[in-house]
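What follows is a set of notes on a single structure, which appears directly below.
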Amino acid sequence: MFDLTPYLPQLLVAWMAYVIAIVSPGPAVLAIIATSVSQGRKAGVTLALGVLSGSYVWAMLTASGLSALIRTYGEAIVLLKFAGACYLFWLAYNALRAAMRGDRGQAAASAALQTSPKRLYLKGLGVHLTNPKAIFNWIMLVSLGMPEGAPVTVTAAFIGGCMLIGLLVFCGFAIVFSLSPVHRAYLKSRRIIESLMAGFFAFSGLKLLTARI
């Protein structure tokens with residue numbers, strides 16, 4: 001049986017860095033919180049699983065040598081940056097529409113969304129896959145947690161640990177923000193919250209467009 005003990009110090013540092021990265025406010029975290037508050041626990045967890053799936057995709061690509069591909073095909077990152085910005089603007093537009101919608105119309109729209117877990121999952125997946133900063137976060141994490149020449153077992157332990165942490169954190173956000181007191185507070189200030197979310201998504205899109213990656 002392979003002994004991970006010599007690699008544990010590096011793995012622990014990388015896992016701690018991953019925790020810091022995923023709890024920091026960003027489009028994915030905000031989308032999970034907003035969905036959980038407005039549509040409930042099941043919807044929030046479904047979207048969180050989509051975000052986690054996107055994180056897993058970037059993890060596997062990075063561990064497979066994505067950094068080398070980025071150096072060769074840098075133009076692809078530029079395209080991804082524009083795609084991510086457009087997606088964030090689309091989320092901002094939807095949040096703004098929700099803020100302008102009357103309470104009855106919003107209730108009907110929320111009910112429709114709750115019957116579509118696939119749409120929620122794909123939304124979470126899209127938020128993470130169209131975020132080029134996630135790629136560079138994973139490149140940093142891989143350099144921290146996977147020393148050069150490390151066996152496949154270390155790679156599996158590193159990514160598996162990150163996915164377990166991500167599952168606990170993302171679903172934890174969904175569960176906490178779907179509690180009844182939080183949902184009641186949302187209903188009282190729905191339009192203000194939706195407007196703030198629209199502003200945040202729009203700001204994130206503009207920041208992504210103007211950022212040097």
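Conditions (1) surrounded by fewer than 20 Cβ atoms within 10 Å (Cβ to Cβ); (2) closer than 18 Å to Pro181 by Cβ; (3) free of Cβ contacts under 8 Å to residues at least 60 places away in the same chain, marked per residue:
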| site | (1), (2), (3) |
| --- | --- |
| Asp3 | yes, no, yes |
| Pro6 | yes, no, yes |
| Leu12 | yes, no, yes |
| Val19 | yes, no, no |
| Pro25 | yes, no, yes |
| Val29 | yes, no, no |
| Ser36 | no, yes, no |
| Gly40 | yes, yes, no |
| Thr46 | no, no, no |
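Here's the yes/no breakdown for (1) modelled with pLDDT of 80 or more; (2) part of a helix (DSSP H, G or I):
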residue: Lys133; (1), (2): no, yes
residue: Leu141; (1), (2): yes, yes
residue: Thr155; (1), (2): yes, yes
residue: Cys162; (1), (2): yes, yes
residue: Ala198; (1), (2): yes, yes
residue: Arg212; (1), (2): no, no
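Restricting the search to segment 48-60, which residues are polar (S, T, N, Q), surrounded by 21 or more Cβ atoms within 10 Å (Cβ to Cβ) and within 15 Å of Pro117 (Cα to Cα)? None - no residue of segment 48-60 is polar (S, T, N, Q), surrounded by 21 or more Cβ atoms within 10 Å (Cβ to Cβ) and within 15 Å of Pro117 (Cα to Cα), so the list stays empty.
Restricting segment 127-158 to residues that are closer than 12 Å to Val13 by Cβ and not small (Gly, Ala, Ser), which is surrounded by the fewest Cβ atoms within 10 Å (Cβ to Cβ)? So that I can check it myself, show each step before the final result.
Taking segment 127-158 first, the residues closer than 12 Å to Val13 by Cβ are 140-141, 143-147, 158.
Still in the running and not small (Gly, Ala, Ser): 140-141, 144, 146-147, 158.
Numbers: Met140: 15, Leu141: 23, Leu144: 18, Met146: 21, Pro147: 12, Phe158: 25.
Going through the qualifying residues, I end up with Pro147.
The values are calculated or read from the model by the stated rules, or taken from the named source; none is laboratory data. Since we're looking at a predicted model, the values are computed, not measured. With ideal geometry, Cβ positions are generated from the backbone for all residues, glycine too; neighbour counts draw on all protein chains shown.
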